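> Handing you a structure now.
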């Protein structure tokens, strides 16, 4: 039963990251009609609040939690909002592929933090999986590295640091066990506030020049803020932060695939190699975790 729950959580994490990978592609469709990453962040977060509030009410969950829980939710929501704003802002300075590659420094940051601050030890298999996952992300985004700028590099790297904190804090604080609608309501609320401020500061607050762009934003709102974040939180209930970081590499892989399918973007042999590395990393990590769990059962 326990193994079944863990597999379901792994599946939830993978599915959530596949959805996260779809979002940049959907955003790009709106860019010729007045859209931008920050604008998508504001509108999608605002619309998500209604769905999340409705879901919380259906589950009979109060959106006004205890003071201690509220403080934790604010910390988590700020980490999520900073990740989104920094990463999407980096797109203005460096290509998306470069930003994604630099952003995915966070699996290594998670491994370092869990070792230094929490004393966790990882098997050789976990280390190999982390290395393969990193290689996969680099191969997918390396083609654009010649166009990198210092500002964009810093923004993307810092966004990875915030997301590493988000993953560790979500699991260690116990927030992953709470109702998903409650947690993601505050994440969407903080993203809306910070995205609105960023749009006003940069002069990007505007409406779309074509009506069907709003349909895409509604889709992003539901897929990203409600479904994607909800599945991610559910997955973190039974998956350790380091393994979660490895599974998150499905995001750039899916972004590449969706870009090819929807936007008819070209693909290189290196990028195909990156996809293979990511798939191998996930398989190696799952096998390593299965063996580690078996050894722990024998010791008991």
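Since every read-out is calculated from the coordinates, none of them should be taken as a lab result. Because the structure is predicted, anything quoted here is derived from the model rather than measured. Counting neighbours? That spans all protein chains shown, and the Cβs are built from the backbone with ideal geometry, glycine included.
> Would you kindly work out the equivalent ellipsoid of the chain from its C-alpha gyration tensor and give its semi-axes, the square roots of five times the eigenvalues, largest first in whole Å? Mind showing how you got there, number by number?
Numbers: eigenvalues 172, 126, 57 Å².
Computed over the chain, the values are 29, 25, 17 Å.
> Measuring from label point to label point, each 7 Å out along Cα→Cβ, what is the residue 57 to residue 33 span in nm?
3.0 nm
> Please order 206, 237 by the number of other Cβ within 10 Å, starting at the fewest.
Working: 206 11, 237 15.
Fewest-to-most ranking of 206, 237: 206, 237.
> Given Cα pairs under 8 Å that are at least 6 residues apart, what percent is the relative contact order of the chain?
Details: 434 pairs, mean separation 122.0, N = 300.
RCO, the chain: 41 percent.
> With Kirkwood's inverse mean 1/r over C-alpha pairs for Rh, give me the Rg to Rh ratio of segment 2-140, two decimals please. Please report the intermediate quantities before stating the final value.
Values: Rg = 18.3 Å, Rh = 18.3 Å.
My calculation of the ratio gives 1.00.
> What nm distance separates the two modelled labels at residue 261 and residue 197, each placed 7 Å from Cα along Cα→Cβ?
3.7 nm
> Work out the P(r) tail for segment 1-74: percent of alpha carbon pairs separated by more than 19 Å, whole number. Numbers along the way, then the final one.
Numbers: 1706 of 2701 pairs.
Result: 63 percent of Cα pairs exceed 19 Å.
> What list do you get for 214, 163, 88 if you sort them by fewest beta carbons within 10 Å? Provide the component values of the computation, followed by the final result.
Details: 214 14, 163 26, 88 23.
By the 10 Å Cβ count, ascending: 214, 88, 163.
> List 257, 98, 276 from most exposed to least, where exposure is judged by having the fewest other Cβ atoms within 10 Å. It would help to have the intermediate numbers written out before the result.
Details: 257 19, 98 24, 276 15.
With the fewest neighbours first, 257, 98, 276 line up as 276, 257, 98.
> Take the Cα atoms of segment 133-262, find their three principal axes, and give me the spread along each one in whole Å, biggest first.
44, 38, 31
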